[in-house]
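Below is one structure, written out as structure tokens; comments come after it.
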Amino acid sequence: MAKGPSYRVPYRRRREKKTDYAARIILATSEHPRFVVRISNKGIVVQVTKSEIEGDYVLANASSHELKGFGWKASGKNIPAAYLIGYLAGKKALAEGIEEANLDMGLKRVTTGNKIFAVVQGANDAGLYIPVDSDVVPSSEAMNGEMIAEFAENIEDPIEYERRFSVYLRRGLRPEALPSHFDEVKTRIEENSVE
């Protein structure tokens, strides 16, 4: 570790690689709320937050666990699920009177086709405005599940098919039917997303 009178120890959350304070101060001082997207191994969480002096306030939130209430049978961590979570979060934010937000990706790097941008596209399609470049958003075939269905159709080995799609099959969904299932769940969210 460096020594000397001019050495300054970074903030604890920066040392732990949890917070980028340079980006956070820009987002926190903006006039629009933050659209916070966090992806973990267990699911996806979206929050629309407003920063105040005393702390952050969550104005609307959605997570992949809520999709089960709308009949979602596929994985809660794939790109179609990310889109639907963003769509649900966008509907909830609009119900709270929020029309525009800024994306907060945390420490994630920008990569083309990332799930984070599927979440943002879902929120934009719901009516919430979040600035995003269309070049980084996943294709519509990826977001509605057509790519997963096509991949499943091309697997010839039944053991490999069972291994890759065991969660889908256990829940009673054939992966080839994912696009139609996606449309059904999106319609349910559209009809009754805000309680």
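Distance between the 7 Å Cα→Cβ label points at residue 3 and residue 141: 6.1 nm. Placing a label point 7 Å from the Cα of residue 68 along the Cα-to-Cβ direction, the residues of region 81-122 whose backbone N falls under 20 Å of that point are 81-89.
Of the listed peptides 20-29, 180-189, 5-14, what is their order by residue-averaged count of other C-beta atoms within 10 Å, with the highest listed first? Don't skip to the answer; put the middle values down first.
Working: 20-29: 13.0, 180-189: 17.2, 5-14: 8.7.
Order by mean packing, descending: 180-189, 20-29, 5-14.
Other residues lying with their Cβ under 14 Å from the Cβ of residue 147 contribute a combined charge of -3, Lys and Arg counting +1, Asp and Glu -1. Put a plus charge on the Cβ of each Lys and Arg, a minus charge on the Cβ of each Asp and Glu, and nothing anywhere else: the dipole of the chain about its Cα centre is then about 1480 debye.
Equivalent ellipsoid of region 1-83: semi-axes from √(5λ) of the C-alpha gyration tensor, largest first, are 34, 18, 9 Å.
Which percent of Cα-Cα pairs in region 19-192 sits in each 5 Å bin, short to long? Each 5 Å bin holds this share of Cα pairs: 1, 9, 17, 20, 19, 14, 8, 6, 3, 2, 0, 0.
Given the Cα-Cα distance of residue 53 and residue 41 and 0.36 nm per residue of separation, how much length would full extension add, in nm? Intermediate results must be reported in sequence, preceding the final value.
On the way: separation 12, 0.36 × 12 = 4.32 nm, distance 3.17 nm.
Extra length from residue 53 to residue 41 when fully extended: 1.1 nm.
Over the chain, calculate the relative contact order: mean separation of alpha carbon pairs under 8 Å at least 6 apart, over the residue count, as a percent.
Values: 305 pairs, mean separation 38.3, N = 195.
Rounded, it is 20 percent for the chain.
Here the chain carries DSSP beta bridges of which approximately 80% are antiparallel, counting only pairs with both residues inside. Counting 0.36 nm for each residue step from residue 95 to residue 183 and taking away their Cα separation leaves a gain of 29.5 nm.
Partner lysines whose Cα lies under 17 Å from the Cα of residue 17, excluding those fewer than 8 positions away in the same chain, are identified as 108. Packing order of peptides 77-88, 33-44, highest average first: 77-88, 33-44 (average count of other Cβ atoms within 10 Å over each peptide's residues). The separation of region 1-18 from region 104-183, counted between C-alpha centres, amounts to 39 Å.
Amide H to amide H distances under 5 Å link residue 129 with 100, 101, where only residues 5 or more positions off or on other chains count and H is placed in the peptide plane.
Structure note, pairs 18/92; 18/42; 50/91; 18/91; 50/92: Cα-Cα distances above 25 angstrom occur for 18/92; 18/91.
Packing around the peptides 51-59, 170-178, taken as the average count of other Cβ atoms within 10 Å per residue, puts them in this order, highest first: 170-178, 51-59. For residue 63, the shell of other residues with beta-carbons less than 12 Å away shows a net charge of +4, using +1 for Lys and Arg and -1 for Asp and Glu. Straight Cα distances below 17 angstrom link residue 186 to the aspartates and glutamates 66, 125, 141, 146, 195, with same-chain residues fewer than 8 positions distant left out. Count Lys and Arg as plus one, Asp and Glu as minus one, and take only other residues whose Cβ is under 9 Å from that of residue 49; the net charge is then 0.
In order along region 97-103, phi translates into HN-Hα couplings of x, 8, 10, 8, 8, 10, 6 Hz, rounded to whole numbers, per the Karplus curve 6.51 cos²θ - 1.76 cosθ + 1.60 with θ = phi - 60° and x for Gly and Pro.
No lab work stands behind these numbers, since they all come straight from the coordinates. Bear in mind that the values here come from a model prediction, so they are computed numbers and not experimental data. FYI the Cβ positions are ideal-geometry reconstructions off the backbone, even for glycines, and counts take in every protein chain you see.
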